[in-house]
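**Student:** Got a structure for you, written out below as structure tokens; questions coming shortly.
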Amino acid sequence: MSEPQQEQEERPEQAEQAARPKVSDAEIRARIEAALYSSGRALDAEQLAKAAGISSKKRAMDEAKAIQSRMKSMLSAIEVVEYPGQRYAMQLKAEYTNVARKFATKPLLSKAALRTLSFIAYFQPISSADLALRRGSQAYDHVKDLEEVGFLAWERKGRSKLYRTTTEFSEYFGLSVDPQTLKHQLERRALILR
């Protein structure tokens, strides 16, 4: 085997990087912005780097911070928020929710599923039996929908399940992950119908 072939086999990552076309700075930024816009959830460094077509997680985070700064200076209704664990999400600023809601075509969840979610968030952890008693048997269908979007987690307690909200729920709605603080936030926003 020749020396150049041997070197190429020893460094497959370098060969792979050399084979990839160079992505411009503007393209990297645009890809990260597109990923943030379309994901609907917080993305970490690895996910952002993959979306941008780059290997540097640090570069991906720097670009996300640059997008965040640019969005903040434009005074738009959209913001990029940094969450714990160096994760970023693009979202609508809270003060523009009512305007956007009038134009949203298909909600993520039905109103009934959202009511069930608010009960779970307020009374968590809540058993499946207690949930069915408060919300009716249709709550089981709502739970399936809420699990699919990643807003609910559960654990077994005897023959029943105990439901609680997830970090994804808190991030999506801009609420605290602490159950007591969350309960107060829901009370202030009058999101609980007793």
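**Student:** Kindly express, to the nearest 10 degrees and within the range 0 to 90, the angle between helix 179-188's C-alpha long axis and the longest C-alpha principal axis of the chain.
**Tutor:** Roughly 70 degrees, rounded to the nearest 10.
**Student:** Just tell me which lysines come within less than 18 Å, Cα to Cα, of Lys93; anything on the same chain fewer than 8 places away is out.
**Tutor:** Leaving aside lysines fewer than 8 places away in the same chain, those within reach of Lys93 are Lys65, Lys72, Lys102.
**Student:** Kindly provide the helix-only [θ] at 222 nm of the chain, computed as the sum of -39,500 (n - 2.57) over DSSP H runs of four or more divided by all residues, to the nearest 500 deg cm²/dmol?
**Tutor:** Working: 11 runs with 111 residues, N = 194.
That calculation yields -17000 deg cm²/dmol at 222 nm.
**Student:** Turning to a different aspect of this structure: Report the relative contact order of region 49-194, percent, no decimals, based on alpha-carbon pairs under 8 angstrom and at least 6 residues apart.
**Tutor:** Working: 137 pairs, mean separation 23.0, N = 146.
Once divided by the residue count of region 49-194, the mean separation gives 16 percent.
**Student:** Same structure again: Taking 8 Å as the Cα distance limit and 6 or more residues as the minimum spacing, I'd like the relative contact order of region 114-190 as a percentage.
**Tutor:** Values: 82 pairs, mean separation 24.5, N = 77.
Relative CO of region 114-190 lands at 32 percent.
**Student:** How big is the convex hull of the Cα atoms of region 54-114, per residue, in Å³? Please list the in-between numbers first.
**Tutor:** Details: hull volume 8.6 nm³, N = 61.
Dividing the Cα hull volume of region 54-114 by its residues yields 142 Å³.
**Student:** Now for a separate question. Hey, got the Cα dimensions of the chain along the principal axes, in Å, largest first?
**Tutor:** Sorted largest first, the three principal extents are 75, 46, 30 Å.
**Student:** Something else: Compute the relative contact order of region 19-96 as a whole-number percentage, counting only Cα pairs closer than 8 Å that sit 6 or more residues apart in sequence. Provide the component values of the computation, followed by the final result.
**Tutor:** On the way: 98 pairs, mean separation 23.7, N = 78.
Rounded, it is 30 percent for region 19-96.
**Student:** For a quick check: with amide H placed at 1.01 Å from N, whose amide H comes under 5 Å from Ser127's, ignoring anything fewer than 5 positions away on the same chain?
**Tutor:** Under 5 Å from the amide H of Ser127 lie the amide H atoms of Tyr163, each far enough along the sequence or on another chain.
Computed from the coordinates by the stated procedures, all read-outs in this text should not be read as laboratory data. Not measured: the values here are computed from a predicted model.
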